[in-house]
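**Q** Starting off with a structure, shown below.
The values are calculated or read from the model by the stated rules, or taken from the named source; none is laboratory data. None of the values given here were measured: they were computed from a predicted structure. Glycine gets a Cβ as well: all are built from the backbone with ideal geometry, and neighbour counts include every protein chain shown.
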Amino acid sequence: MTTDTKSAPRGLSLGRLLRWETAVTALLVIVFAGGAGFSPDFANTDNLSFALGDLSEIALIALPMTLLVVCGQVDLSVASVLGLCSALTGKLWDGGMAIETIIPIVLVVGVVCGLVNGLLVTRLGLPSLAVTIGTMTLYRGLAYVVLGTEAISEFPTRYTNLATESIPGMPIPYPIALFAVLAIITAVVLHATGVGRSLFAIGSQEDAAYFAGIRVKRLKLVLFVVSGLVAGFAGIVFTLRYGSARADNGLGLELTVIAAVLLGGIDFDGGKGTLGGVIAAVLLIGLLRNLLMLNDVSTEVQSIVTGLLLIISVLTPRLIAVVREAQGRRRGARPVPSAAAP
Amino acid sequence: MSAPGRSTPPTLALVNVSKSFGAVRALQGVTLELHAGEVHALAGENGAGKSTVVKTFAGVHRPDAGEVRVDGEPVAFNGPADAQAAGVAVIYQEPTLFPDLSVAENIFMGRQPRAGLGRIDRRTVHAETAKLFRRLGVALDPQQPARGLSIADQQVVEIAKAISRDARVLIMDEPTAALTGQEVERLFNVTRTLREQGCAILFISHRLEEIFEICQRVTTLRDGTYVGTDKVEDLTADDLVRRMVGRDLDALYPKQDVTPGEVALKVGRLTREGAFTDISFEVRRGEIVALAGLVGAGRSEVARAIFGVDRWDAGSVEVAGKKLPAGSPTAAMSAGLALVPEDRRQQGLVMDMSIERNMGLTQLRSLRKETGRGPLISRKVERNRAADWALRLQLKYARLTDTVGVLSGGNQQKVVLAKWLATEPTVLIVDEPTRGIDVGTKAEVHRLLSELAAQDLAVLMISSDLPEVIGMADRVLVMHEGRLTAEIDRADATEESVMAAATGRAGTGKAA
């Protein structure tokens, strides 16, 4: 083998076609086509627009979650931050404050929640899984302290419309339009900047990243803060979309988000995956939920489906690896009569 | 037992063995005979096929052609268990013992003698272990937990385990790579004892002097093919190197004479509690300064603190006259420091990442600037830069997009060097730069370091390889138990003077 500087083969190759992201996208198309044939109410603009809007919070939170999982971290407290921020929005509105004043205050609370997570992980060196299980309970508890079990409604239509209506001329709800913009920014950051490169390095081998001069702790801290900020914002969107502020808003939503991220092909051990896969997975989950709903399938069954998707998405790559290894072994064990000259 | 008698068949042998992995021919017509009562060396560069030989003996691989023979009879090992049953034991470079179990429990793991009611008979376990240790001539406590044993002692435990299973063939795959001089001597004593008791031993090491010290015969492989088997007394070190690389090697230590320039790195009274105390020295531009000492003397810790991955408690570090803050690798890098760390696989490289991305990881900022597209990185600029360095360091690879994990150890080290040299440092710290690297690549790394120094780079080299220290350094600093004990000039540096200072006996050089 001599020094060889030719570049990798690009474009469509078998390996590229078999990539996880492509498989998820194909599944998305199949579910869409199947849904259109199976359910007459499915493939019309109104329903699809509704299905998209119903994904708003999950889609928004999935963006920072993707960055966190790529760098080997996880934030389980996002749904509780959402609930806390929803409760706070309701409480402040009930207290007579203007929405314009409430939004910045609530966003600051989201940032503080993220900062607490980030500081516990980076300063004390605790695993993020444990830290955010703790703060998940803590923030949800605070939400009940703020609002108890009551529900605040009757938000101004000017704002609830913003959360539910579509942008002029297209069947895309405002929150999803915002998601599209943020998704592009996130994709660029993750796949084309030094920050993204650093996140992959940290997720694969934190020591090597640190020895290469990457500011590991600072990056992690920033990600947790962004995660808190986006979850807080999702809390406002949730409140306005349903026109109802409750302490238990978004209960269990973090699992759907993580299911989407893992289904999208991000390795839970960090260091692998693309944002495109996650976006396809978010849409897939949205379509499935919508289809189940149209067919009057109960929420319990919906959560069973989400759970199965999560398990399948973690299991499948392992199974593929096992099968490949077994094939390789079989091939290796077979005697090669006359090895082809390289 | 003296030279192996030719009348008895070899205890374990490969006869004309070939093995391919896909299109890669790992072994081709290799013959290797291990006789009872001999230590047989297996020599070859990285990628020559040594690991495949070991794995074939260990029952992990099955030959595509040729035979494995035990006592002259052809056998088919259908897995490591078969090889073990035939009396073959492999001692790896870094043994994996259960840290919370005692030494004796580790040795009898899975086949503990039983007392009444199925309880483990601890007394017998300990007594048997003590007997084994006496037989090997080592002083280890059977009841001591495995945690905290040095790598050398762990290897002895592995050897004892093998002997307790009636192993007749011991395969030692680079056992000395992580050992200090004294530990190597102890391991060799055990090895000699076993040889005299009739074991057949296969010994693999990159350190040629060890082959000449402990082995009777040596078989050389090159690119998977069998070069030959010789008695060691018929060979010189140069002959052996020629057999391994297939050509005459330029001097292994091509140190150029230089006139040192201004001070590039100044370390003043640096202290980190529990690691090192009061370390002061300077490295000038153009100089290669070696930091020698035993493993655990605190050399790597000093390097880590200078580079900022660990904090220091007192003292100062200046690079080209600029003081560094404690505990910031980022600041150290922008001041012109580079560190090629000791643990290539954990600290030097992101093993899952491609060659080009690993090379670019230290220059995310300058890659961005060169691209001229705001915060975006250009893959083209990154690839071109990586290709330039790959060419300059004669990296052997298939594609720059391959993960670094597929490269051989020597080529991985070249990627680490490239990644740091690309930052255009003023001071380069290299920690064990040639550990586990074949002799050809080793000479290349030495030539590179020498050239870089001639181009005004200041090099601080930590090394446990004494010939390397003596051959490459303009000055040798020696550490013992966290303190600098001697500073020896190139002219006065000998293995004896360095070892004397490293072991805490009165330094022959002037005290620092």
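**Q** For the range B:10-23, how many residues are loosely packed, with under 15 Cβ neighbours inside 10 Å and at pLDDT 85 or above?
**A** 1
**Q** Taking the range B:312-323 as the search range and keeping residues that are surrounded by fewer than 21 Cβ atoms within 10 Å (Cβ to Cβ) and in contact with a Ser or Thr (Cβ under 9 Å, 6 or more places away or on another chain), which one is farthest from the other protein chains (Cβ to nearest Cβ)?
**A** B:314
**Q** Follow-up question, since we're still on this one. Condition test on residue B:140, is it part of a loop (DSSP other than H, G, I, E, B), more than 16 Å from residue B:167 (Cα to Cα) and not assigned by TED's automatic domain parsing to the domain that holds residue B:175?
**A** Values: part of a loop (DSSP other than H, G, I, E, B): yes; more than 16 Å from residue B:167 (Cα to Cα): yes; not assigned by TED's automatic domain parsing to the domain that holds residue B:175: yes.
Answer is yes for this residue.
**Q** Still on this structure, I have one more. Could you go through the range B:408-415 and let me know if any residue there is surrounded by fewer than 23 Cβ atoms within 10 Å (Cβ to Cβ) and either within 9 Å of chain A (Cβ to nearest Cβ) or of a type in the set (A, V, I, L, M) (or both).
**A** no
**Q** Here is a further query. Can you go through B:295, B:381, B:302 and tell me which one is part of a helix (DSSP H, G or I) and either small (Gly, Ala, Ser) or at pLDDT below 95 (or both)?
**A** B:381
**Q** Here is a follow-up. Can you tell me which condition residue B:229 does not meet? The list is (1) at pLDDT 90 or above; (2) in contact with a Leu (Cβ under 9 Å, 6 or more places away or on another chain); (3) crowded, with 17+ Cβ neighbours inside 10 Å; (4) closer than 27 Å to residue B:69 by Cα, and all the others hold.
**A** Exception for residue B:229: condition (3).
The rows are residues; the columns are (1) under 29 Å from residue A:271 (Cα atoms); (2) surrounded by fewer than 18 Cβ atoms within 10 Å (Cβ to Cβ).
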site	(1), (2)
A:163	no, no
A:170	no, yes
A:203	yes, no
A:209	yes, no
A:217	yes, yes
A:234	yes, no
A:240	no, no
A:259	yes, no
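**Q** Sticking with this one: Name the one entry in A:112, A:69 that is at pLDDT 85 or above and within 20 Å of the chain's Cα centre (by Cα).
**A** Answer to the selection: A:69.
**Q** In the range B:346-369, how many residues are facing chain A (nearest Cβ under 9 Å) and surrounded by fewer than 16 Cβ atoms within 10 Å (Cβ to Cβ)?
**A** Looking only at that region, the number is 2.
**Q** Can you tell me which condition residue B:377 does not meet? The list is (1) in contact (Cβ under 8 Å) with a residue 40 or more places away in the chain; (2) facing chain A (nearest Cβ under 7 Å); (3) hydrophobic (A, V, I, L, M, F, W, C); (4) touching a Leu at 6+ places or on another chain (Cβ under 8 Å), and all the others hold.
**A** Only one criterion in (1) in contact (Cβ under 8 Å) with a residue 40 or more places away in the chain; (2) facing chain A (nearest Cβ under 7 Å); (3) hydrophobic (A, V, I, L, M, F, W, C); (4) touching a Leu at 6+ places or on another chain (Cβ under 8 Å) is unmet by residue B:377, namely (1).
**Q** Taking the condition of being away from chain B (no Cβ under 14 Å), touching a Ser or Thr at 6+ places or on another chain (Cβ under 6 Å) and outside any helix (DSSP H, G or I), how many residues in the range A:203-252 meet it?
**A** Residues in the range A:203-252 being away from chain B (no Cβ under 14 Å), touching a Ser or Thr at 6+ places or on another chain (Cβ under 6 Å) and outside any helix (DSSP H, G or I): 4 in total.
**Q** With the requirement that a residue be under 20 Å from residue B:334 (Cα atoms) and among the polar types (S, T, N, Q), what does the range A:192-216 give you?
**A** Across the range A:192-216, the qualifying residues are A:193, A:198.
**Q** Right, next: Return the residue satisfying two criteria in turn: it lies in the range B:416-426 and is of a type outside the set (Phe, Trp, Tyr) and at the interface with chain A (Cβ under 10 Å from one of its Cβ atoms), and of such residues it is farthest from the chain's Cα centre (by Cα).
**A** B:423
**Q** Restricting the search to the range A:119-163, which residues are in contact (Cβ under 8 Å) with a residue 60 or more places away in the chain, assigned to a helix (DSSP H, G or I) and β-branched (Val, Ile, Thr)?
**A** A:121, A:122, A:146, A:160
**Q** Got at least one residue in the range B:370-390 being closer than 21 Å to residue A:216 by Cα, of a type in the set (A, V, I, L, M), under 30 Å from the mean Cα position of the chain (by Cα) and crowded, with 20+ Cβ neighbours inside 10 Å?
**A** no
**Q** Does the range B:147-161 contain at least one residue that is charged (D, E, K, R), more than 20 Å from residue B:196 (Cα to Cα) and either in contact with an Asp or Glu (Cβ under 8 Å, 6 or more places away or on another chain) or at pLDDT below 80 (or both)?
**A** In the first step, residues of the range B:147-161 are kept if they are charged (D, E, K, R); the result is B:147, B:153, B:158, B:161.
Going one step further and asking which of them are more than 20 Å from residue B:196 (Cα to Cα), we end up with B:147, B:153.
This time we only want the ones that are either in contact with an Asp or Glu (Cβ under 8 Å, 6 or more places away or on another chain) or at pLDDT below 80 (or both), so: B:147.
For the range B:147-161, residues charged (D, E, K, R), more than 20 Å from residue B:196 (Cα to Cα) and either in contact with an Asp or Glu (Cβ under 8 Å, 6 or more places away or on another chain) or at pLDDT below 80 (or both): present.
**Q** On the given criteria, is residue B:45 among the acidic types (Asp, Glu), within 20 Å of residue B:240 (Cα to Cα) and within 14 Å of chain A (Cβ to nearest Cβ)? Write out each step before concluding.
**A** Numbers: among the acidic types (Asp, Glu): yes; within 20 Å of residue B:240 (Cα to Cα): yes; within 14 Å of chain A (Cβ to nearest Cβ): yes.
Spelling it out, residue B:45 is indeed among the acidic types (Asp, Glu), within 20 Å of residue B:240 (Cα to Cα) and within 14 Å of chain A (Cβ to nearest Cβ).
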